[in-house]
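Asker: Below is a structure I'd like to ask you about.
The values are calculated or read from the model by the stated rules, or taken from the named source; none is laboratory data. Predicted model, so just to flag it, every value in this text is computed and none were measured. Here the Cβ is made from the backbone with ideal geometry for all residues, glycine too, and neighbour counts use every protein chain on show. For the accessible areas, the whole protein counts, side chains as well, though only heavy atoms, and no ligand, DNA or RNA atoms are used. Shrake-Rupley method; radii C 1.70, N 1.55, O 1.52, S 1.80 Å.
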Amino acid sequence: MTDIIQLLPDHVANQIAAGEVVQRPASVVKELLENAIDAEATEIKLIIKNAGKTLVQVIDNGKGMSVTDARLSFERHATSKIKSAEDLFQLNTKGFRGEALASIAAIAHVSLKTKRSSDELGTSIEIEGSTVKSQDVSVTPTGTSVAVKNLFFNIPARRNFLKSDTVELRHITDEFHRVALAHPNIGFAFYHNGSELFNLPNENYRQRVVHIFGAKTNEKLVPVEEETEVLKISGFVGKPEYSKKTRSEQFFFVNNRFIKSPYLNHSISAAFEGLLKDGYHASYFLNLTVDPKTIDINIHPTKTEIKFDDEHTLYAILRSAVKHSLGQFNIAPILDFEHQSSLNTPYKYKDKTVTAPIIDVNRGFNPFSDNTDVGNKINRTSFTKAPTASWESLYVGLESKGNASDTEFSEVTFESDTKTESIFEDASIETTKTTFQLQQKYIVSTLKSGMLIIDQNRAHQRVLYENFLKHITIKEATSQQLLFPLQLHFTPNEIHIIDGLKSDLEHTGFVFSELSEDGITITGLPVGVPESEVSIILEQLISDVENDVPDANFSSTDLLAKSMAKSLAIKNGQSLNNTEQEHLVNSLFACKEPNVSPTNRPTFITMAVNDIEKKFV
Ligand code: ADP
Ligand code: MG
C-alpha cells in the first residue's frame, strides 16, 4: 500500500484558515481596521458596499509597507508583529497570527495599495483566491488601502450562508463600534453605499461614547476610575435607570482590545445588584489595562476571548470600583465629570516663573486644631441643634439630605469661619471675595497675577486627608455616638482586614462594640461621617488594602487616611454655594501640602495673565 498522507497545498490551507478567521464581512472589517491601527494610523476610513458583500475597503494613513513586505503580507504566518513565542506574552499589537490577509486573499478579490512615507512611489497588488494577478509600482498616498471585493466568490456555500444586508451591516457596525471605542484618539469615518454613517474625530473617551451612542448618552454616564497594581480601570457605567433590555451597550476592552467575558460581566451585574429591574442589563464602557504578561489572547482565532492569570482579583476590583462609582453617584447626581479638554491649558504651573502663588497664609490657623478652635467639637451629650453653617458639609464631605439621624449628628459647630475671613487679607494670594464654580467641578478665583482653578474633589481630599492623618497620629478624635448601633456584614477575610486597621480606625473616631466572624457592630463614628456612608467607606478601605501590595513604604495609617478622604470628599457634580467655596479654598491653603491631592495629583492650577494674553494673539 502506498502512503496516503499528503500536505495540503497552500491555497487549500488558506481557505481552511479563512473559515476560522472570516465568517462574514464584519470579520474582514475587524481584521483590516486592526491592521490599520497596528500601522499607527491616525485617520482611518471604512468604505462598505452592499453590507460588505460587494466591497469592504479600509484606507489608512499609517506607516505603509515596502514592496517586499506588501507581497509577503499575503503569505500565511507572515507577520511583522511577533518574532518568537515569547512575544505572545507581551503583545502591544492587535494582530500577531499573520493569517488575516492570507485568509482573506484566499476567498476574495483583494487589491492592496501601499506606500511608506520615506518612499516616493508605492506598490499595488491584485490577488484573487490566493493567486497574485498583478503587482505594480503605483502612485498612492502614504499609508495603506486594502479593498476586499466579492467575498466568498469561490465558496458559494458560504456566500449563500450570509444573512440579509440589514443583518450583515449590523455586524459590521458592531465591529466598527468596538474598534472606534477602543481608540478614541484615532479619527474614523464610515461610509455605506456612498452615504456617511459615522464621522468620528480624534476625541476623548466620553465624547467618543456620546458620538457613537447619541447625545442623550451623555447624561447617563457615571465615570469609573480605579488604579491598582494589577489593574487600571477607566470608563463609564450607565446609571441604573438607563439600563437596557439588551446587552448592546456592554463593552470591555482589555489593553484596547474588545473582549467578551461572561465572568467579568458578572462582576458588573454584581455591582449593580439590587439596582436593576428584572431582565434589564447595565450599560458599561470599560477599559481595563493589565500587564500583557498576565493575559493570554491566543486562545481564539478572532481574539475576542482572552484568559487572565488572576480572574478572581480582577473580578473583585472591578466590582468594587463600579460599586463605588454608583455609590458616589447616588449621593451626588453627576453632571459632567470628564475632564474637558478645552480646560486643559498648556500652562504648567510648576514650570513657570510666574508660578504657583506664594502662600503666605496664617500658618497658625488650622480649622481642625482643637486648641485654635474650641468650637470644633460636636456637642455630644445634648445633641442640640446648633445653628448650622452651610459649609459644614465641607467637613462632613457629604450632604445627607433627608436622613434624620444623619442630620442630627452633623450638627457640628466650628469656630473657624470667623478666622477664615482674615486669611486672604494678609495673604499674597489676593482672591476677590467672589469665587465661582465651573461645571460643578472646579472653583475659579482670581489672583493678582491671573486665575486660580481648584479641583474641588482633589482639594477636599487633601483637606480631609491631613485632618484624618492628624487625628490618627495624635490618637485623638471626636466621635459621634450612634443612637442605634450599626451592624454590618462582611466576609471573614474582610473582617480580618478591618481588624488589622481597628486601632487606626478608632483614632479617626470609629467605635466598634463587636468585631466577630459574623460581622461588626459600630456604636460611634468619626464626626461628620454619615451613617449611610459607613459601608461604602469600609468597602473602599478593604479594597484599597487588598489592592495595595504591602511593601516597605506601606503605611496602613496613610492608606486609611487616603481611603477615607477619597470616600468622603466632595464629589464632582456637587454644587457649592459661595461660603462653601471660599471655605474650601481657605482650608486647602491652610494645609501642609496644598498643591497636591493625597494621590499626588495637582489640586489646583494657575493661569497667568501673560498666558491668557498669549491666547488672544
Ligand atoms: P497580522 O496582523 O497578524 O500580523 P495580517 O495578515 O493581518 O497579520 O497582516 C500581515 C502583515 O502585513 C502585518 O504583520 C503587517 O506587517 C502588514 N500589514 C497588514 N496591513 C497593514 C497596514 N494597513 N499597514 C501596514 N502594514 C500592514
Ligand atoms: Mg492583522
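Asker: I want to check the label-to-label distance for GLU241 and ASN204. Put each point 7 Å from Cα in the C-beta direction and report it in nm to one decimal.
Answerer: Distance between label points: 2.5 nm.
Asker: While we're on this one: In terms of solvent-accessible area of protein heavy atoms at a 1.4 angstrom probe, what is the ranking of MET451, MET564, highest value first?
Answerer: The ranking, largest first, comes out as MET451, MET564.
Asker: On the accessible surface of region 10-200, probed at 1.4 Å, how many percent belong to carbon and sulfur atoms?
Answerer: 51
Asker: Sort ARG159, ARG462 from largest to smallest accessible area, using a 1.4 Å probe on the heavy atoms of the protein chains. Can you show the working numbers first?
Answerer: Details: ARG159 90, ARG462 15 Å².
Ranked list, largest accessible area first: ARG159, ARG462.
Asker: Something else now. Share of region 210-328's accessible area from carbon and sulfur, percent, 1.4 Å? Present the calculation step by step, with values, prior to reporting the outcome.
Answerer: Values: 2580 of 5410 Å².
Solvent-exposed carbon and sulfur of region 210-328 make up 48 percent of the total.
Asker: Would you grab the residues whose amide H sits under 5 Å from the one on PHE251? Only those 5+ places off in sequence or on another chain, please, with H modelled 1.01 Å from N.
Answerer: It is TYR284, PHE285, LEU286, by chain and number.
Asker: Using the Kirkwood radius over Cα pairs, work out the Stokes-Einstein diffusion coefficient for region 10-200 at 25 °C and 0.890 mPa s, in µm²/s as a whole number.
Answerer: Once the numbers are plugged in, D ends up at 148 µm²/s.
Asker: Calculate the length of the line joining the C-alpha centroid of region 159-197 to that of region 564-617, in whole Å.
Answerer: Each part's Cα centre sits 43 Å from the other's.
Asker: Quickly work out the PHE484-to-LEU515 label distance, labels modelled 7 Å from Cα along the C-beta direction, and quote it in nm with one decimal.
Answerer: It is 2.5 nm.
Asker: Also, I was wondering about something else. I'd like the carbon and sulfur percentage of the solvent accessible area for region 436-606, probe radius 1.4 Å, heavy atoms only, ligands and nucleic acids excluded. Let's see the in-between values first.
Answerer: Details: 3390 of 6770 Å².
Accessible surface attributable to carbon and sulfur in region 436-606 totals 50 percent.
Asker: Taking the mean number of other Cβ atoms within 10 Å as a proxy for protection, how do you rank 513-519, 585-591 from highest to lowest?
Answerer: Listed from highest to lowest mean packing, they are 585-591, 513-519.
Asker: Let me ask another. Given all pairs of different Cα atoms, what value in angstroms does the Kirkwood hydrodynamic radius of region 436-606 take?
Answerer: Values: mean 1/r = 0.0587 Å⁻¹.
Evaluated on region 436-606, it is 17.0 Å.
Asker: Continuing with the same structure: Send over a whole-number figure in Å² for the accessible area per residue of region 210-328, probe 1.4 Å.
Answerer: 45
Asker: Ok, one more. How much accessible area per residue does region 436-606 have, counting only protein heavy atoms and a probe of 1.4 Å, in square angstrom? Provide the component values of the computation, followed by the final result.
Answerer: Values: 6770 Å² over 171 residues.
For region 436-606, the solvent-accessible area averages 40 Å² per residue.
Asker: Is there a quick way to get the dipole size of region 197-238? I mean about its Cα centre, with the Cβ of Lys and Arg at +1 and of Asp and Glu at -1; what is the value in debye to the nearest 20?
Answerer: Taking the Cα centre of region 197-238 as origin, the dipole is about 300 debye.
Asker: As a quick test, which of the pairs LYS30/LYS115; LYS239/LYS566; LYS45/LYS307 have an alpha carbon distance above 25 angstrom in this structure?
Answerer: Checking Cα-Cα distances, LYS45/LYS307 exceed 25 Å.
Asker: Show me, for region 240-245, the HN-Hα J-couplings you get by feeding each phi into the Karplus relation (A = 6.51, B = -1.76, C = 1.60, θ = phi - 60°), rounded to Hz, glycine and proline as x.
Answerer: x, 5, 9, 4, 10, 6
Asker: A further question follows. In Å², and per residue, what accessible area does region 40-86 have when probed at 1.4 Å with the other protein chains present?
Answerer: About 54 Å² of surface per residue is accessible.
Asker: Here's a follow-up. Pulled fully out, how much extra length does the chain show between TYR280 and PHE153, if you take 0.36 nm times their separation in residues and subtract their Cα-Cα distance? Spell out each step's value before the answer.
Answerer: Numbers: separation 127, 0.36 × 127 = 45.72 nm, distance 4.16 nm.
The span from TYR280 to PHE153 would gain 41.6 nm if fully extended.
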